[in-house]
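The values are calculated or read from the model by the stated rules, or taken from the named source; none is laboratory data. Given the structure is predicted, the values throughout are model-derived calculations rather than measurements. When we count neighbours, we look across all protein chains shown, and the Cβ atoms used for this are built from the backbone with ideal geometry, even at glycine. SASA here: full protein model, heavy atoms, side chains in, ligands and nucleic acids out. Shrake-Rupley method; radii C 1.70, N 1.55, O 1.52, S 1.80 Å.
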Amino acid sequence: QLQASGGGLVQAGGSLRLSCAASGRTFSSYAMGWFRQAPGKEREFVAAISWSGDVTLYSDSVKGRFTVSRDNAKNTVYLQMDSLKPEDTAVYYCAVKSYNGRVLSRSGAWYNFWGRGTQVTVSS
């Protein structure tokens, strides 16, 4: 089971931190990705992190503003979002790949389990 949380309404320039908690034996070791989908748009990749936590991947649109991290003791992955822009408004999803390697993917098809999303709204 995946549970994303931390979304909300924030003004442009503000910050939010999303969390995604993984539970259950399916998730013994996994990479995690964050994706988002805005109304009328396709789902897009945001960030990913390896099981070890030392490999990360970001989309160009969020690089330098968002930071993905994890606490494996808590089975939780975080997405710190700073300098938010109105175009960051979307439903954000976390997704898991049962995998302990160091090569990550931006493709949604690579991930094999998805959580429910959390809404992020950035006002101008």
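Within the chain, how many lysine pairs that are 8 or more places apart, or on different chains, have C-alpha atoms less than 25 Å apart?
6
Treating the beta-carbon of each Lys and Arg as +1 and of each Asp and Glu as -1, no other charges, what is the dipole magnitude of the chain about its Cα centre, to the nearest 20 debye?
The calculated dipole for the chain is roughly 240 debye.
Mind checking the per residue accessible area of the chain for me, 1.4 Å probe, whole number of Å²?
On a per-residue basis, the chain sits at 51 Å².
Compute the relative contact order of the chain as a whole-number percentage, counting only Cα pairs closer than 8 Å that sit 6 or more residues apart in sequence.
It rounds to 36 percent for the chain.
Would you mind pulling out the separation of the Cα centroids of region 29-62 and region 68-124, in Å?
About 5 Å separates the Cα centre of region 29-62 from the one of region 68-124.
Scan around Lys85 for amide H atoms under 5 Å from its own, H built in the peptide plane at 1.01 Å from N, and keep only partners 5 or more places away or cross-chain.
Hits under the 5 Å cutoff: Gly13.
If I compute solvent accessible area with a 1.4 Å probe over the protein chains, what percent of it on the chain is carbon and sulfur?
The C+S portion of the solvent-accessible surface of the chain is 46 percent.
For region 98-112, just list the computed ³J(HN,Hα) in residue order, Karplus coefficients 6.51, -1.76 and 1.60, θ = phi - 60°, integers in Hz, with x standing in for Gly and Pro.
5, 5, 10, x, 10, 9, 9, 10, 8, 8, x, 5, 6, 8, 10
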